[in-house]
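Quick notes on the structure that follows.
The values are calculated or read from the model by the stated rules, or taken from the named source; none is laboratory data. Quick caveat, the model's predicted, so the values are computed rather than measured. All Cβ positions, even for glycine, are placed from backbone atoms using ideal geometry, and neighbour counts span all protein chains on display. Areas reflect the complete protein model, heavy atoms only, side chains present, ligands, DNA and RNA absent. Shrake-Rupley method; radii C 1.70, N 1.55, O 1.52, S 1.80 Å.
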Amino acid sequence: MMKDNEKAIGKATVLIVDDVETNRVILGEIIGAMGYKVIFAEDGAQAWERLSEELPNLVLTDVSMPVMDGYELCRKLKANVETRNIPIIFISAFDDAQNIVKGFNMGGEDYITKPFIPEVVQARVNVHLRLYEATCEVKEANRRLQASINEQIRQIEQERKSVLYALAGIAAENSWHESGYIDRIRHNCRILAQSMQLSPLFEGQISDSFVETIEIAAPLCDIGNIGIPKEILQKNAVLDEEERALMQNHARIGTKLLEDLKVTDDYNDFMQISTDITHFHHENWDGSGYPEGKKGHEIPLAAQIVSMSSIFCALTETRSYRNSYDREEALEMMRQDAGRKFNPDIFNIFYKVSRQLR
């Protein structure tokens, strides 16, 4: 009984390339008798054209041919990602060692000399078809394994995001933010990032992927508030110096939390941007912010976007100690801080799209 891998090999296609018709006929009969499909080409150029119609499992090519010889055909096959793994057996009337080595150096798998001995041809063809099939099976197994790993990583990432959003929600609630705060900051960050993408000042720094990622990462900006006592977060009076120091520590707490959630050393865009936002969104354009005292373009762009959006959201929501400011009042207060708290170029864009903000 034929084994499964023998059945698969039996479906193989072999391309024979030779400018001499007699050689093509002889090889075609030898290989056809093995149960394989045989296709022909008269030179390397014609063989290259045939590849667009059907990819073979094995190529037998003469060395000396007009238009394109066997070596050049081999070079092109090995340079192309779709054909580089197809085994190549050179055929020639010459058995000069230099020619054989040249064929191997160019990526050929074997060398058969004329006149053809059917048993030798069949043995060589079978060996290389089996090796090719085994290589394909290993590649497919690796592909399936990688797909499985990627899916597991995707699930881990989703679970990690769910945990982070749950913590961010608790932190927002502890800070007395209104229920729609997280959705508002996500929306506003996306609007601002998209608008900056259309500006010649920022188009080279903001990709579509950046816009998508900052929308997802923005709500994590104050996740470190999970480690700040409620009595400080909800205090209706001005914080004293010690309380202010504790409050400002939420940036470092949030950063530590995100860094502890790293799954591998390969930090993806979501985690990197989230960390930038969490750590630096209280930095000021003039260097008067915290926790590092960064200024100007030292502050990551994602953190600058979230800083502006979060302040707007905070100003336009009701707090226990004050009523909300309307849109124009909030924008005027922020305008006064442009150049001190905010990058004035970003604020100008923010102001222009303010009607789209929530």
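Within the range 168-187, the presence of a residue that is among the small types (Gly, Ala, Ser) and modelled with pLDDT of 90 or more is excluded.
If you check Ala193, Ala168, Ala172 for being of a type in the set (Gly, Ala, Ser), under 16 Å from Val306 (Cα atoms), surrounded by 18 or more Cβ atoms within 10 Å (Cβ to Cβ) and within 26 Å of the chain's Cα centre (by Cα), only one passes: Ala193.
Out of Glu231, Glu215, Glu241, report the one residue that is surrounded by 16 or more Cβ atoms within 10 Å (Cβ to Cβ) and charged (D, E, K, R).
On the way: Glu231 fails: surrounded by 16 or more Cβ atoms within 10 Å (Cβ to Cβ); Glu241 fails: surrounded by 16 or more Cβ atoms within 10 Å (Cβ to Cβ).
Selected residue: Glu215, the only one of Glu231, Glu215, Glu241 that is surrounded by 16 or more Cβ atoms within 10 Å (Cβ to Cβ) and charged (D, E, K, R).
The conditions of being closer than 30 Å to Asn236 by Cα, at pLDDT 75 or above, out of contact with any strand residue (DSSP E or B) (no Cβ under 8 Å at 6 or more places or on another chain) and open to solvent by less than 70 Å² (accessible area, probe 1.4 Å) are not met by Ala147.
Going through (1) part of a loop (DSSP other than H, G, I, E, B); (2) acidic (Asp, Glu); (3) under 35 Å from the mean Cα position of the chain (by Cα) one by one, Glu317 falls short only on (3). When the residues of the range 47-102 are filtered to those that are among the polar types (S, T, N, Q) and under 35 Å from the mean Cα position of the chain (by Cα), the one that is modelled with the lowest pLDDT is Ser52. Contact map, the range 47-73: residues that are in contact (Cβ under 8 Å) with a residue 40 or more places away in the chain paired with residues that are β-branched (Val, Ile, Thr) and in a helix (DSSP H, G or I), Cβ distance under 9 Å, separation 6+ or inter-chain. Pairs shown: Asn57/Ile9; Leu58/Ile31; Leu58/Val125; Leu60/Ile31; Leu60/Val121; Leu60/Val125. Restricting attention to the range 76-97, the residues being farther than 17 Å from Ala41 by Cα and out of contact with any Ser or Thr (no Cβ under 8 Å at 6 or more places or on another chain) number 8.
Residues in the range 17-46 that are acidic (Asp, Glu) and over 21 Å from Leu129 (Cβ atoms) were compared, and the one that is farthest from the chain's Cα centre (by Cα) is Glu21. You will find that of Ala314, Ala251, Ala303, the residue that is open to solvent by less than 70 Å² (accessible area, probe 1.4 Å), in contact with a His (Cβ under 7 Å, 6 or more places away or on another chain), modelled with pLDDT under 95 and among the aliphatic types (A, V, I, L, M) is Ala251 and no other. Among the residues of the range 325-358, those that are of a type in the set (A, V, I, L, M) and open to solvent by less than 20 Å² (accessible area, probe 1.4 Å) comprise Ala330, Leu331, Met334, Ile346, Val353, Leu357.
Which numbered condition in (1) among the β-branched types (Val, Ile, Thr); (2) open to solvent by less than 50 Å² (accessible area, probe 1.4 Å); (3) part of a helix (DSSP H, G or I) is the only one that Thr135 fails? The single condition Thr135 does not satisfy is (2). Counting only residues that are under 16 Å from Gln197 (Cα atoms) and charged (D, E, K, R), the range 341-358 holds 2 of them.
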